[in-house]
1. Starting from the stretch 78-94, keep only residues that are without any contact (Cβ under 8 Å) to a residue 40 or more places away in the chain and within 15 Å of residue 9 (Cα to Cα), then list their pairs with residues that are in a helix (DSSP H, G or I) and open to solvent by 50 Å² or more (accessible area, probe 1.4 Å) whose Cβ atoms are within a distance under 6 Å, requiring at least 6 positions of separation or different chains.
2. Given the options 8, 37, name the one that is surrounded by fewer than 16 Cβ atoms within 10 Å (Cβ to Cβ) and either assigned to a helix (DSSP H, G or I) or out of contact with any His (no Cβ under 8 Å at 6 or more places or on another chain) (or both).
3. Quickly run through the stretch 23-60 and pick out the residues that are in contact with a Phe, Trp or Tyr (Cβ under 6 Å, 6 or more places away or on another chain) and either in contact (Cβ under 8 Å) with a residue 60 or more places away in the chain or not polar (S, T, N, Q) (or both).
4. Which is touching a residue at least 12 places away in the same chain (Cβ under 8 Å) and closer than 22 Å to residue 95 by Cβ, of 63, 72?
5. State whether the residues of the stretch 76-91 include one that is open to solvent by less than 70 Å² (accessible area, probe 1.4 Å), closer than 19 Å to residue 2 by Cβ and over 13 Å from the mean Cα position of the chain (by Cα).
6. Which one of these does residue 20 not meet: (1) free of Cβ contacts under 8 Å to residues at least 60 places away in the same chain; (2) closer than 23 Å to residue 86 by Cβ; (3) part of a helix (DSSP H, G or I)?
7. Which one of these does residue 36 not meet: (1) modelled with pLDDT of 90 or more; (2) in contact with an Asp or Glu (Cβ under 6 Å, 6 or more places away or on another chain)?
Amino acid sequence: MVGNIVIFIPFGAYLSLFKNNKRVITNLLFVFIVSLFIEIIQGLLGIGASDIDDIILNCLGGLVGILGYKFLLFILRDEKKVRDAITILSAIGLPVLLYYLFVVRMSF
C-alpha cells in the first residue's frame, strides 16, 4: 500500500512543476487518468493485480506531491527555488526513500 502512494508523490510534484496549469484539481484529474490507464493495462495484460484501491492510493500519492509542491511554493515564494528544492529532494531523498522501502519489503 505504501509503495503505491510513494511512487506517485514525485509524479504529482513534477506534474505541478512542469505544467503551466497549476490548479490542484486539474493535476489530480491527470494523475487519476494516468493511474486508471495503468490499471487497465495491468488488467488487460495480466501483469500484477488490477484493483480500485491502487487507483485511490495512486491518487493520494499524487495529491501529496501536488500539495508538497504548493507548500514549497508558499514557503520559498519563487518557482526557481522550488525547482531547485525538488531537484535536490529527488537526487537525495527519493533514492534513500526507495531503498528503505525495498529493505522493509525484503525483511518480511
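1. Listed by first residue and then by second, the contacts come to nothing, as the list is empty.
2. On the way: 8 fails: surrounded by fewer than 16 Cβ atoms within 10 Å (Cβ to Cβ).
Just a single option satisfies the conditions, and that option is 37.
3. Across the stretch 23-60, the qualifying residue is only 59.
4. Numbers: 63 fails: closer than 22 Å to residue 95 by Cβ.
Residue meeting the stated conditions: 72.
5. no
6. (3)
7. Condition (2) is where residue 36 drops out.
The values are calculated or read from the model by the stated rules, or taken from the named source; none is laboratory data. Just so we're clear, the structure is a prediction, and the values are computed from it rather than from any experiment. Quick reminder, even Gly has a Cβ in these numbers, built from the backbone with ideal geometry, and neighbours come from all protein chains shown. In case anyone asks, the SASA skips ligands and DNA or RNA and just uses the protein heavy atoms, side chains included. Shrake-Rupley method; radii C 1.70, N 1.55, O 1.52, S 1.80 Å.
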